[in-house]
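*Asks:* Mind looking over this structure? Questions follow.
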Amino acid sequence: MSIRFAPVVALAGLAVLSVVAPALAQDTGHSPQHAQTMKMEPAAADTVKAGDLTLTAPWSRATPGGAKVGGGFIRITNTGSTPDKLIGGTTDAAARFEVHEMSVTDGIMKMRPVSGGLVIGPGETVELKPGGYHVMFMDIKAPFKQGDEIRATLQFEKAGKVDVGFRVGGIAGGGAPQHKGH
Ligand SMILES: [Cu+2]
């Protein structure tokens, strides 16, 4: 997952470098210019901005044969000064689309709809991930296959409707798919 943030880290590094560059150039004799010609990764195609929200890296998992549900995972950052809420969504890939949370009761992990919506506080990042919050495709119309993109429209209280594509990784991968070959 951290790979996806490499461009951001690189950018931050570049900003710092530009501040210290004159001193650095004197010390080493190297031109600071080379930092600016460094090839940057393009901005991740799987980042969507909507109002104060930034949605990053939506992904899902291939569903085993016969499964009726699939999970969706995504990172949501609120750069605004007021909270927003993920209250639901729609998709053509399933009969229903719900926002779920996992909880452990007596050692058994269960999931249930998040009542009242999932709050993303100002300045906060909420990560929907396996074992935690997630969106749930209920009664899927066809199995999710690795490499598919499952389109859905998330509904936020303030940011409104946001279209995202959940990229499907392997069944047992346990992490976001590496986006090779883009
Ligand atoms: Cu669920």
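*Asks:* Taking every pair of Cα atoms in segment 47-169, average 1/r, invert it to obtain the Kirkwood radius, and report Rg/Rh to two decimals.
*Replies:* Computed over Cα atoms, the ratio is 0.96.
*Asks:* According to a simple spin-label model (label point 7 Å from Cα along Cα-to-Cβ), what is the distance in nm between LYS68 and SER115?
*Replies:* 2.4
*Asks:* Under a straight-distance cross-link criterion of Cα-Cα below 19 Å, which aspartates and glutamates are reachable from LYS161, leaving out those fewer than 8 residues away in the same chain?
*Replies:* Once the sequence-local aspartates and glutamates are set aside, what remains near LYS161 is ASP46, ASP52, ASP84, ASP92, GLU98, GLU127, GLU149.
*Asks:* With r as the distance between the Cβ atoms of GLU101 and LYS161 and R0 = 22 Å, compute the FRET efficiency 1/(1 + (r/R0)^6) and round to 0.05.
*Replies:* Numbers: r = 22 Å, r/R0 = 1.00.
My answer for the efficiency is 0.50.
Each value in this text was obtained by applying a stated rule to the coordinates, not by laboratory testing. All figures in this text were calculated on a predicted structure; none of them were measured in a lab. When we count neighbours, we look across all protein chains shown, and the Cβ atoms used for this are built from the backbone with ideal geometry, even at glycine.
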